[in-house]
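Working notes for the structure below.
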Amino acid sequence: MPGAALIIIDVQYAIDAPRWGPRNNAGAEVNMARLLARWRESDRPLVHIRHDSVSEGSPYAPGLPSHRFKKAVAPLEGETVIGKNTNNAFVNTGLEEHLRVLGIDEVIICGVLTQHSVDTTARMASSLGFAVTVVSDATAATDVMDGRGINWPANDVHALTLAHLVADYADVSSTDEILVSSE
């Protein structure tokens with residue numbers, strides 16, 4: 001894990017918009033900040049993914065105040081920031097090439113939302129041959145209404161998404177587990 005890149009996905013003020021509904025893991029940003037601090041102090045590779053929405057009315061649209069990174073995990077000057085406009089951080093972004101140039105073969109993924117960009121990015125990373133770990137308490141999900149009109153609470157959405165990932169695509173660890181194994 002010492003050579004793994006930390007990827008922080010879509011942690012912008014837009015995630016606090018009421019349109020997303022209730023979310024779980026209220027402390028996710030605190031855990032992301034803990035991971036970010038460790039990666040910075042040990043000068044390990046990290047990538048900030050910024051969602052640059054092209055959807056009408058999205059709080060993730062460039063130019064809006066909500067498009068900014070949350071302060072707890074905002075990139076410092078010189079840190080890699082890659083913009084995306086889909087739910088997958090690898091699609092049309094140059095992320096794969098960036099990681100390959102650095103010789104990275106393992107990624108640690110955190111951010112929002114577990115059931116959207118975290119999930120699709122983790123699956124793609126695995127499909128591209130990277131070893132993937134998703135940080136369970138440094139990601140967050142929201143409630144989801146299914147096609148039958150049943151509301152699935154954020155905690156259930158989060159748990160089920162992680163269960164699907166660990167079945168075929170990624171390891172799932174807590175922030176504390178990552179910090180201990182990255183010493």
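The values are calculated or read from the model by the stated rules, or taken from the named source; none is laboratory data. Just so it is clear, the structure is predicted and the values come from calculations on it, not from any experiment. Please note: Cβ atoms are built from the backbone with ideal geometry, for glycine as well, and neighbour counts cover all protein chains shown.
Scanning segment 95-148 for residues that are part of a strand (DSSP E or B) and within 20 Å of TYR13 (Cβ to Cβ) returns CYS110, GLY111, VAL112, ALA138, THR139, ALA140, THR142. Just one residue in the set MET1, MET32 is within 24 Å of ILE104 (Cβ to Cβ), in contact with a strand residue (DSSP E or B) (Cβ under 9 Å, 6 or more places away or on another chain) and at pLDDT below 95; that residue is MET1. State whether the residues of segment 63-74 include one that is closer than 16 Å to THR121 by Cα, assigned to a loop (DSSP other than H, G, I, E, B) and out of contact with any Lys or Arg (no Cβ under 8 Å at 6 or more places or on another chain). No, because not a single residue in segment 63-74 is closer than 16 Å to THR121 by Cα, assigned to a loop (DSSP other than H, G, I, E, B) and out of contact with any Lys or Arg (no Cβ under 8 Å at 6 or more places or on another chain).
Looking across segment 27-60 at every residue that is in a loop (DSSP other than H, G, I, E, B) and free of Cβ contacts under 8 Å to residues at least 12 places away in the same chain, the one that is surrounded by the most Cβ atoms within 10 Å (Cβ to Cβ) is identified as SER55. I'm trying to understand the selection: among the residues of segment 1-26, which are part of a helix (DSSP H, G or I) and either among the charged types (D, E, K, R) or closer than 14 Å to VAL135 by Cβ (or both)? Selection gives ASP16, ARG19. With respect to the stated conditions, VAL81 fails to be in contact (Cβ under 8 Å) with a residue 60 or more places away in the chain and under 17 Å from the mean Cα position of the chain (by Cα).
Give the residues of segment 161-173 that are in contact with a strand residue (DSSP E or B) (Cβ under 9 Å, 6 or more places away or on another chain) and either assigned to a strand (DSSP E or B) or touching a residue at least 40 places away in the same chain (Cβ under 8 Å) (or both), sorted by residue number. Before you say what the answer is, go through the steps one by one.
Initially, segment 161-173 is screened for residues in contact with a strand residue (DSSP E or B) (Cβ under 9 Å, 6 or more places away or on another chain), giving 161-163, 165-166, 169-173.
THR161, LEU162, LEU165, TYR169, ALA170, ASP171, VAL172, SER173, listed by residue number.
Please work out if ASN92 is in contact with a strand residue (DSSP E or B) (Cβ under 9 Å, 6 or more places away or on another chain), more than 24 Å from ASN31 (Cβ to Cβ) and either acidic (Asp, Glu) or surrounded by 13 or more Cβ atoms within 10 Å (Cβ to Cβ) (or both). Spell out the reasoning first.
Details: in contact with a strand residue (DSSP E or B) (Cβ under 9 Å, 6 or more places away or on another chain): yes; more than 24 Å from ASN31 (Cβ to Cβ): yes; either acidic (Asp, Glu) or surrounded by 13 or more Cβ atoms within 10 Å (Cβ to Cβ) (or both): no.
Spelling it out, it is not the case that ASN92 is in contact with a strand residue (DSSP E or B) (Cβ under 9 Å, 6 or more places away or on another chain), more than 24 Å from ASN31 (Cβ to Cβ) and either acidic (Asp, Glu) or surrounded by 13 or more Cβ atoms within 10 Å (Cβ to Cβ) (or both).
Would you be able to say whether some residue in segment 13-25 is charged (D, E, K, R), surrounded by 20 or more Cβ atoms within 10 Å (Cβ to Cβ), modelled with pLDDT of 95 or more and within 24 Å of ALA125 (Cα to Cα)?
Applying the first criterion (charged (D, E, K, R)) to segment 13-25 yields 16, 19, 23.
Keeping just the survivors that are surrounded by 20 or more Cβ atoms within 10 Å (Cβ to Cβ) gives 23.
Among the residues that remain, those that are also modelled with pLDDT of 95 or more are: 23.
Next, only the ones that are within 24 Å of ALA125 (Cα to Cα) stay: none.
Checked segment 13-25: no residue is charged (D, E, K, R), surrounded by 20 or more Cβ atoms within 10 Å (Cβ to Cβ), modelled with pLDDT of 95 or more and within 24 Å of ALA125 (Cα to Cα).
Only one of (1) surrounded by 15 or more Cβ atoms within 10 Å (Cβ to Cβ); (2) of a type in the set (Gly, Ala, Ser); (3) under 17 Å from PRO45 (Cβ atoms) is not met by ALA140, so which one is it? The failed condition is (3). Evaluated against (1) surrounded by fewer than 16 Cβ atoms within 10 Å (Cβ to Cβ); (2) over 24 Å from SER58 (Cβ atoms), ASN151 falls short on exactly one condition, (2).
Residues that are in contact with a helix residue (DSSP H, G or I) (Cβ under 8 Å, 6 or more places away or on another chain), closer than 27 Å to ARG38 by Cβ and aliphatic (A, V, I, L, M) within segment 123-154 comprise LEU128, VAL132, VAL134, VAL135, ALA138, ALA140, ALA141, listed in sequence order. Could you check, for segment 48-70, whether at least one of its residues is in contact with a Phe, Trp or Tyr (Cβ under 9 Å, 6 or more places away or on another chain) and aromatic (Phe, Trp, Tyr)? Yes, the conditions are met somewhere in segment 48-70.
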